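The values are calculated or read from the model by the stated rules, or taken from the named source; none is laboratory data. Not measured: the values here are computed from a predicted model. Here the Cβ positions follow ideal geometry from the backbone for every residue, glycine too, while neighbour counts run over all protein chains shown.
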Amino acid sequence: MAFKSLDCITLEDITALGISSKVAENLHGVLTDIIRNYGNATAETWNNITKRVLNPDLPFSFHQIMYYGCYKNFASDPPAWSPNPESVIMSNVGRFMERHGRELLGSRYRDPISSFSDFQKFSVLNPEVYWKLVLDEMDISFSAPPSCILRELPSHPGGQWLPGAFFNSARNCLDLNGKRNLGDIMVIWRDEGEDDLPVKRITLEELRSEVWLVAYALKTLSLAKGSAIAIDMPMTLTAVVIYLAIVLAGYVVVSIADSFAPNEISTRLKISNAKLIFTQDFIIRGDKSLPLYSKVVDANSPPAVVVPTRGSSSIRKLRDFDLSWHAFLDKVKHSKKDEFIAVEQPIDSFTNILFSSGTTGEPKAIPWTHATPLKAAADAWCHMDIRKGDVVAWPTNLGWMMGPWLVYASLLNGASMALYNGSPLGAGFVKFVQDAKVTMLGVVPSIVRTWKNTNCTAGFDWSSIRCFSSTGEASNIDEYLWLMGRAFYKPVVEYCGGTEIGGGFVSGSLLQPQSLAAFSTPNMGCTLFILGENGNPIPQDKPGIGELALGPVMLGASNLLLNADHYDVYFRGMPIWNGKVLRRHGDEFERTSGGYYRAHGRADDTMNLGGIKVSSIEIERICNGADDSVLETAAFGVPPLGGGPEQLVIAVVFKDLNNATPNLDQLKLSFNSLLQKRLNPLFKVSSVVPVPSLPRTASNKVMRRVLRKQFAQLKQDTSSERTHIGRSIFWLLQNFYS
């Protein structure tokens with residue numbers, strides 16, 4: 001769609017969007033005043049529009065003509081949000097830099113906003129100084145202090161962090177310190193179906209009591225020190241209590257997502273050698289009861305402790321060696337108020353075993369040490385500005401890294417964690433965000449897409465939100481413009497990392513202008529490299545696109561895999577920079593001319609179209625907006641029969657495929673027109689195929705390789721016309737993923 005520049009937007013243009021004449025007249029008058037004072041196309045113009053013109057009740061189409069009209073002729077990376085100096089001074093990093101800026105940066109220090117990039121570079125070059133100050137700032141306490149912050153050893157490409165320290169991350173979550181007192185709210189929650197009831201809350205005093213009781217009960221089972229104990233449950237208050245108790249008592253959590261099938265559960269239990277598993281009878285989602293305990297039984301699990309489903313006082317018949325939750329706690333009911341003394345461990349002891357999504361074989365088993373929670377919490381402290389008084393929500397599960405991340409990011413920073421026991425896709429979750437007064441809302445793009453398409457946020461007040469954060473997959477500009485508009489244009493902090501890092505390596509910051517679907521900075525303590533065609537890093541201050549590599553020295557990052565050679569996976573064959581071997585990540589990244597970073601998916605999702613290298617994400621961003629009937633797309637390249645250059649195929653999920661037959665020929669023309677205008681005039685879509693849904697990993701990443709493989713196989717099996725291939729893929733996916 002072509003948008004007019006702001007000064008060309010008329011009163012009639014506004015009323016044509018369904019806005020009443022009276023409201024449109026007022027909006028046009030304010031817009032005219034803003035243009036008069038700040039110009040037609042500046043960041044300050046947009047900033048004033050978000051504050052004086054736009055609100056969540058206006059049609060999104062009006063938000064679009066304002067944003068695209070303002071930035072119609074902007075060079076690149078237009079800022080959708082800019083920091084306010086007064087607010088920055090109140091942020092964690094702003095206050096920190098005002099106290100330490102001159103000490104750390106000398107005469108280069110001016111103010112938190114203009115000196116932020118220098119501060120980030122300082123964190124990389126001076127880890128001993130930076131991390132000591134930040135851990136003190138966060139009130140982290142060691143039972144035995146480290147001999148130093150970082151010891152660099154040839155055997156550890158990523159360095160040895162906090163050597164000699166003894167620490168318990170769960171105890172730090174529950175300690176009294178400068179950030180909290182016994183009456184502070186630690187968790188706010190609500191169960192789906194109770195959406196009109198007040199939210200529930202638990203104080204630090206109450207949470208400590210519950211965690212201590214479970215830790216005492218664990219000790220009665222006489223498990224060996226450091227035993228692995230699995231959790232296969234929804235992310236409820238009870239699951240969080242169990243998680244903290246396992247770590248507090250010196251055991252190791254094995255994270256298993258509650259969506260897994262028995263064979264996936266079994267694989268993870270065997271790799272981790274788990275001795276016990278906590279699970280739930282079944283899961284309630286809407287009017288459905290989804291079995292959970294029975295899947296654990298089918299996985300031939302070790303002994304299980306089975307928590308009853310909410311609203312149920314009893315559970316079905318258990319195996320002879322399993323325990324009900326109530327029987328487990330009855331072992332130590334006399335210890336209800338007794339403090340459990342945390343088991344302090346060396347900093348490199350395991351605290352959690354998590355797994356990669358396992359899309360190409362056995363999932364990698366990734367141990368988190370007691371240092372990893374410090375990375376998660378420090379990211380939240382710096383990049384999302386999480387602090388005492390905040391309420392942090394992120395729909396996730398303890399089976400994925402964002403579950404443990406949420407526990408540590410909120411509790412180690414003195415904030416409250418907000419948990420909704422139900423689907424995040426509908427009005428129930430949206431209302432919970434309102435009622436819990438969430439200040440930092442984490443999302444994944446597919447959830448935002450559903451909210452936007454169903455308009456389920458309409459009528460709810462999200463004004464308490466101070467910022468959003470997004471991870472999991474590449475985001476979409478229009479969808480995130482819509483998301484910001486739901487909370488009066490609070491910023492989206494994009495966040496990208498990995499389970500093996502315990503947090504992010506590239507992020508946004510509330511001290512920098514934020515551009516939609518882009519990262520503004522490497523994370524504190526992290527260095528990014530984009531590899532050129534020769535496999536070596538391009539200059540770090542130059543724009544470019546290529547496979548991403550990381551500086552190896554990162555607090556909390558893995559240095560061991562339980563079922564693979566860590567060096568082979570992350571370091572072998574990587575280039576050397578300043579005497580250090582770089583760490584492999586595998587994503588395709590771009591550094592823009594404006595200094596931002598954009599993710600383009602996995603490096604193996606890159607195509608070569610007519611000799612031009614392009615990522616699937618770049619193509620999908622354009623195709624997703626080509627027609628109102630399109631919900632989402634996946635782009636992949638397939639070589640023609642007999643060989644030759646890759647041909648571009650677009651798989652399309654339609655919003656309502658059952659009630660209308662899409663015109664694939666017309667859609668193909670639309671895709672080609674937009675791609676040739678916006679990306680390259682030589683790009684050409686070969687085939688468009690409808691699918692009921694995109695195949696995804698359990699952690700929500702699109703598996704384009706599955707589509708590529710199925711399409712290539714069908715081309716070999718049939719010489720029929722394109723629509724037959726499309727229907728065949730549709731049928732295969734419908735049956736495979738249903």
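Listed by position, the helices (runs of 4 or more DSSP H) enclosed by the range 117-230 that each have at least 3 residues that are touching a residue at least 40 places away in the same chain (Cβ under 8 Å), closer than 28 Å to residue 327 by Cα and of a type in the set (Gly, Ala, Ser) are 204-219.
Condition first: at pLDDT 95 or above and not polar (S, T, N, Q). Now tell me which residues in the range 460-479 satisfy that. Listed by number, the residues that qualify are 460, 461, 462, 465, 466, 467, 468. For the range 511-524, residues that are within 27 Å of residue 371 (Cα to Cα) and either assigned by TED's automatic domain parsing to the domain that holds residue 95 or surrounded by fewer than 24 Cβ atoms within 10 Å (Cβ to Cβ) (or both) total 2. Residues considered: 606, 592. Of these, the only one that is without any contact (Cβ under 8 Å) to a residue 24 or more places away in the chain, among the β-branched types (Val, Ile, Thr) and within 28 Å of residue 515 (Cα to Cα) is 606.
Checked against (1) in contact with a strand residue (DSSP E or B) (Cβ under 6 Å, 6 or more places away or on another chain); (2) of a type in the set (Ser, Thr, Tyr); (3) surrounded by 19 or more Cβ atoms within 10 Å (Cβ to Cβ), residue 289 passes all but condition (3).
Is it fair to say residue 240 is closer than 27 Å to residue 176 by Cβ, buried (at least 19 other Cβ atoms within 10 Å of the Cβ) and in contact with a strand residue (DSSP E or B) (Cβ under 6 Å, 6 or more places away or on another chain)? Talk me through it step by step, then tell me what you get.
Values: closer than 27 Å to residue 176 by Cβ: yes; buried (at least 19 other Cβ atoms within 10 Å of the Cβ): yes; in contact with a strand residue (DSSP E or B) (Cβ under 6 Å, 6 or more places away or on another chain): no.
In short, no.
May I ask you to verify whether residue 30 is closer than 21 Å to residue 479 by Cα and either free of Cβ contacts under 8 Å to residues at least 40 places away in the same chain or surrounded by 20 or more Cβ atoms within 10 Å (Cβ to Cβ) (or both)? So residue 30 fails the test. Exactly one residue among 306, 296 is without any contact (Cβ under 8 Å) to a residue 40 or more places away in the chain, surrounded by 19 or more Cβ atoms within 10 Å (Cβ to Cβ), assigned by TED's automatic domain parsing to the domain that holds residue 237 and aliphatic (A, V, I, L, M), and that residue is 306. When residue 539 is tested against (1) under 26 Å from residue 114 (Cα atoms); (2) touching a residue at least 40 places away in the same chain (Cβ under 8 Å), exactly one condition is not met: (2). A single member of 111, 77 is surrounded by 15 or more Cβ atoms within 10 Å (Cβ to Cβ), over 27 Å from the mean Cα position of the chain (by Cα) and outside any helix (DSSP H, G or I), and it is 111.
Of everything in the range 174-217 that's polar (S, T, N, Q) and surrounded by fewer than 16 Cβ atoms within 10 Å (Cβ to Cβ), which residue is nearest to residue 342 (Cα to Cα)?
Taking the range 174-217 first, the residues polar (S, T, N, Q) are 177, 181, 203, 209.
Subsequent filtering for residues that are surrounded by fewer than 16 Cβ atoms within 10 Å (Cβ to Cβ) retains 177, 181.
Values: 177: 16, 181: 19 Å.
Looking at the filtered set, the residue picked out is 177.
Scanning the range 534-549 for residues that are surrounded by fewer than 14 Cβ atoms within 10 Å (Cβ to Cβ) and under 12 Å from residue 590 (Cβ atoms) turns up just one, 542. Criterion first (among the aromatic types (Phe, Trp, Tyr) and surrounded by fewer than 22 Cβ atoms within 10 Å (Cβ to Cβ)) does residue 394 satisfy it? Taking the combined requirement at face value, the residue does not satisfy it. Identification of strands (runs of 3 or more DSSP E) wholly contained in the range 550-630 with 2 or more residues that are crowded, with 17+ Cβ neighbours inside 10 Å, modelled with pLDDT under 90 and among the charged types (D, E, K, R) yields 583-591.
Residue 439 - would you say it is closer than 26 Å to residue 239 by Cα, out of contact with any Ser or Thr (no Cβ under 9 Å at 6 or more places or on another chain) and either surrounded by 21 or more Cβ atoms within 10 Å (Cβ to Cβ) or not assigned by TED's automatic domain parsing to the domain that holds residue 310 (or both)? Give the steps one after another, and end with the answer.
Details: closer than 26 Å to residue 239 by Cα: yes; out of contact with any Ser or Thr (no Cβ under 9 Å at 6 or more places or on another chain): no; either surrounded by 21 or more Cβ atoms within 10 Å (Cβ to Cβ) or not assigned by TED's automatic domain parsing to the domain that holds residue 310 (or both): yes.
No.
Per this entry, residue 62 is not counted among residues that are of a type outside the set (Asp, Glu) and either under 22 Å from residue 519 (Cα atoms) or surrounded by fewer than 20 Cβ atoms within 10 Å (Cβ to Cβ) (or both). Condition (residue is touching a Leu at 6+ places or on another chain (Cβ under 6 Å), small (Gly, Ala, Ser), in the same structural domain as residue 210 (by TED's automatic domain parsing) and closer than 23 Å to residue 92 by Cβ) applied to the range 407-419: is it met by at least one residue? Among the residues of the range 407-419, not one is touching a Leu at 6+ places or on another chain (Cβ under 6 Å), small (Gly, Ala, Ser), in the same structural domain as residue 210 (by TED's automatic domain parsing) and closer than 23 Å to residue 92 by Cβ, which makes the answer no. Count of the range 141-173 residues, restricted to those that are surrounded by 21 or more Cβ atoms within 10 Å (Cβ to Cβ) and among the hydrophobic types (A, V, I, L, M, F, W, C), is 6. With respect to the stated conditions, residue 498 is surrounded by fewer than 20 Cβ atoms within 10 Å (Cβ to Cβ), within 30 Å of residue 564 (Cβ to Cβ) and in the same structural domain as residue 550 (by TED's automatic domain parsing).
Scan the range 469-488 for residues that are β-branched (Val, Ile, Thr) and either part of a helix (DSSP H, G or I) or outside the structural domain of residue 402 (by TED's automatic domain parsing) (or both) and jot them down.
477
Under the condition of being touching a residue at least 40 places away in the same chain (Cβ under 8 Å), in contact with a Lys or Arg (Cβ under 9 Å, 6 or more places away or on another chain) and either within 26 Å of residue 413 (Cβ to Cβ) or surrounded by 18 or more Cβ atoms within 10 Å (Cβ to Cβ) (or both), the residues counted in the range 453-475 number 8. Kindly establish whether residue 251 is in contact with a strand residue (DSSP E or B) (Cβ under 9 Å, 6 or more places away or on another chain), of a type in the set (Phe, Trp, Tyr) and under 26 Å from residue 324 (Cβ atoms). It is true that residue 251 is in contact with a strand residue (DSSP E or B) (Cβ under 9 Å, 6 or more places away or on another chain), of a type in the set (Phe, Trp, Tyr) and under 26 Å from residue 324 (Cβ atoms).
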